[in-house]
Amino acid sequence: MTRRSILITGCSSGIGRDAALRLHAEGWQVFAAVRQPGDVAALSAAGLTALHLDYADTASIDAALAEVAAHGDGRLDALFNNGAYAIPAPLEDVPTDALRALFEANFFGWHHLTRAALPLLRESGGRIVQCSSVLGFIPAKWRGAYVASKYAVEGYTDVLRLELADTPVKVILIQPGPIATAFRANAIAQFEKWIDWEASARAQQYRDSLLDLLYKGGGGGRFELPAGAVTDALLRALTDERPRARYRVTVPTHAMALARRVLPTRALDWLCAKA
C-alpha cells in the first residue's frame, strides 16, 4: 500500500506541529513546512521531512514544492494550509502596509501554494484542507485584520470547492475556536512592530483596557482546547469518504455558527461586541 503524503505549513509550533507529529506517527509521509530555517533541523530530528516555506516569499514556496515533487515517487495526497498571524488593533490604527503584509502571509501565499500543489493533488485525487477560524465567519472587535484575511480564506475555499467539483480533489475548511497555542505571543510581536497606539485617537482606550486585553489576555477559558483537537478534525477531513465542507472545532465555534444562522444582524452585532 502506497504511503499517503501531506504538506503541512506552520509546523514550528501549535496546530501545525501537532498535526505534523500525529500524522507522522500514524504512518503518513509528512512534509513539515516552517517559516524560520532554524526550525527545519528540529523537525528533521523528529523524523519529519522538514522544508523551509515562507508564505510571504513565493520563491520559498516554489522551492518547497519542488522538493516535494522530487521526493520519492513525487506523490502528494493532501495540503494543509495552516500558517497565519494577527495584528491586533482597531482597524483605524492598522497601517495599509501592515494589512498588505498580513494578507501576503495569510491569503496570497496560500493561493500561490495551492496553485503550485494542484497538479500533484489532481494526479493523486488528493485533498486541500484550509485552517480557517471562527473569525472566518464571525467578526470581533480589535481583530479586524485577521478577520478580514480569514473571511477571504472562507470565500476563496468555497469557490475553489465549486470549481474543483468536476475533479477528484476535495476542498475542506476547518474552523477552530479558542486553541491553546503561541498565537497571542506572535500577535504581540506584530502589534509592537506596526501599531503606534500612543498616536491613536483611541490612546486612552488602549491605556484603560486594550493593552491589558492584548498583554494579559482573557484566555480561552473552559472552552479552550489543545491543538490536538484541530488534528482530530484534520484526520476526519483527510479520511472521511465524503468529507464535509466544514469541520468546526470548539463549543464557541458551534455556538457562533448557530447564532449567525438564527440571529438578525443587530442581535449578532450585540453578541459579538460582548465576546
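Just so you know, all these numbers are worked out from the coordinates, no wet-lab data involved. Since we're looking at a predicted model, the values are computed, not measured. Backbone-built Cβ (ideal geometry, glycine too); neighbour counts: all protein chains shown.
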Which of Tyr85, Tyr215, Tyr151 moves the most in a Gaussian network model of the chain with Cα springs under 10 Å? Tyr215
When N is the residue count of region 1-159, what does its C-alpha Rg come to as a fraction of 2.2 N^0.38 Å? 1.05
Counting only helical runs of four or more DSSP H residues, what would the 222 nm mean residue ellipticity of the chain come to if each run contributes -39,500 (n - 2.57) and the total is spread over all its residues? -14500 deg cm²/dmol
Could you give each residue of region 30-37 its phi-based ³J(HN,Hα) in whole Hz, using Karplus coefficients 6.51, -1.76, 1.60 with θ = phi - 60°, and x for Gly or Pro? 9, 9, 9, 9, 9, 7, 8, x
Tell me the volume per residue, in Å³, of the convex hull enclosing the alpha carbons of region 113-243. 135 Å³
Global size of region 179-275 as Cα Rg and Dmax, reported in angstrom: 17.6, 54
On Cα atoms only, tilt of 183-194 relative to the major axis of the chain in degrees: 60 degrees
Relative contact order %, region 5-274, counting alpha carbon pairs below 8 Å whose residues are six or more apart: 19 percent
The chain - Rg (one decimal) and Dmax (whole number), Cα, Å: 18.8, 63
Could you pull out every residue, at least 5 positions away or on a different chain, whose amide H is within less than 5 Å of the one on Phe31? Hs are placed 1.01 Å off N in the peptide plane, and Pro or chain starts have none. Ile6, Leu7, Ile8
In degrees rounded to 10, the 0-90 angle between helix 251-262 Cα long axis and the longest Cα principal axis of the chain is 70 degrees
Spacing of the two label points (7 Å from each Cα toward its C-beta) at Thr2 and Ala259, in nm: 4.5 nm
Using only the alpha-carbon atoms, how far is helix 109-124 inclined from the longest principal axis of the chain? Give it as 0 to 90 degrees, nearest 10. 30 degrees
Relative contact order of region 124-239, pairs being alpha-carbon contacts under 8 Å that are 6 or more residues apart, as %: 30 percent
Considering only C-alpha atoms, what is the centroid distance from region 1-54 to region 202-250, in Å? 21 Å
With springs only between Cα atoms under 10 Å, which of Gly228, Gly72, Gly155 fluctuates most in a Gaussian network model of the chain? Gly72
Selection from Val94, Ala78, Ile138, by position along the positive dipole direction of the chain (Cβ): Ile138
Highest mean first, what order results for 181-191, 86-96 on Cβ atoms within 10 Å? 86-96, 181-191
Give me the dipole magnitude in Debye, nearest 20, for the chain about the Cα centre, with unit charges on the beta carbon: positive for Lys and Arg, negative for Asp and Glu. 940 debye
Only Lys, Arg, Asp and Glu count, each charged at its Cβ (+1, +1, -1, -1), so figure out the dipole size of region 1-99 about its Cα centre, rounded to 20 debye. 520 debye
Per residue of region 50-55, in order, report the coupling 6.51 cos²θ - 1.76 cosθ + 1.60 (Karplus, θ = phi - 60°) as ³J(HN,Hα) in whole Hz, putting x for Gly and Pro. 8, 10, 8, 8, 10, 4
